[in-house]
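One structure is given here, and the rest of the page talks about it.
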């Protein structure tokens, strides 16, 4: 065995370090300096140090596995060594956990080809992508794959970039709801959280799967009249402040500031919580029609605002869109399509 998995140890003064053997030589490391990682577990509070040292152990072990079991940072000359070295360098960049996990997964799949062919054949790359039938998965994987291949190529590893073009996303129709009150009553009987989600999607024009799901009571004013959401949680990346209609305020019971409005804890439900609830609701609903989705409440709310105001710019502001063209897509199929175009030219002028 070239390297033993690092063991987490503690000194009498409550300092943690990792202990392992590499090629017969014993190492004791208290931080990530040896692998050029700015990470010191002992800088954390005492209760967190052991957990953080376990993280250091994994980082060091993975580094050695991907760097030919060596702390020598000189760039390897052979193809396999260079590939491992560059992937390690990429993963040492300040990447998000999700993106790093994706790159790790792709790089593992590509490494087998490098071991055999000393490169990554373009036929393998193309077939690797073609296995994704879902358009979103195909385009997302293609983007990450080409980003990694480009990084390898720029840094001296000879490889071809995938020539496959992104697939065109099929637009999903969210059919407006004719009788919103009737459907809301049915949803209220089915699940209260889903009911509140639909209310906020319709009345406040918030996007259900992130903007609504992640809401905390601190995002809502004390008098329940406004919701304020930072740009880091909004698709347009712009801060949003939206009024809360009276019919929604009647349904809200304010809780602790740091608690999520649905879980009543600081932690929100998972990404698919409302999607799963909606799928279950569809099976039992008597009034839901084909092509009506959770997003249909947002579309229906948009149509209602336009009917009341007759202004596409006011609708754009209420929806939080960066472009009027995006707001127009919410009004397709209404009887005022031609009037909309005239209004658009009038307001822009």
Report summary line: Within the stretch 127-142, of all residues that are surrounded by 13 or more Cβ atoms within 10 Å (Cβ to Cβ) and in contact (Cβ under 8 Å) with a residue 12 or more places away in the chain, the one nearest to residue 104 (Cα to Cα) is 141
Requested in this report: Please indicate, with yes or no, whether at least one residue in the stretch 295-315 is outside any helix (DSSP H, G or I), in the same structural domain as residue 187 (by TED's automatic domain parsing) and out of contact with any helix residue (DSSP H, G or I) (no Cβ under 8 Å at 6 or more places or on another chain).
Outcome: no
**Report entry** From 165, 216, residue being in contact (Cβ under 8 Å) with a residue 24 or more places away in the chain and out of contact with any helix residue (DSSP H, G or I) (no Cβ under 6 Å at 6 or more places or on another chain)
**Finding:** 216
Requested in this report: Select from the stretch 232-256 the residues that are in contact with a strand residue (DSSP E or B) (Cβ under 8 Å, 6 or more places away or on another chain) and outside any strand (DSSP E or B) and list them in ascending order.
Outcome: 234, 239, 244, 252, 254
Query raised in the report: Here are some conditions: (1) outside any strand (DSSP E or B); (2) surrounded by 14 or more Cβ atoms within 10 Å (Cβ to Cβ). Residue 20 meets all but one. Which one does it not meet?
Result: (1)
Requested in this report: Could you list all residues from the stretch 211-231 that are crowded, with 16+ Cβ neighbours inside 10 Å and in a strand (DSSP E or B)?
Outcome: 216, 220, 227, 229
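The values are calculated or read from the model by the stated rules, or taken from the named source; none is laboratory data. Owing to the predicted nature of the structure, the values given are computational and were not obtained by experimental measurement. All Cβ positions, even for glycine, are placed from backbone atoms using ideal geometry, and neighbour counts span all protein chains on display.
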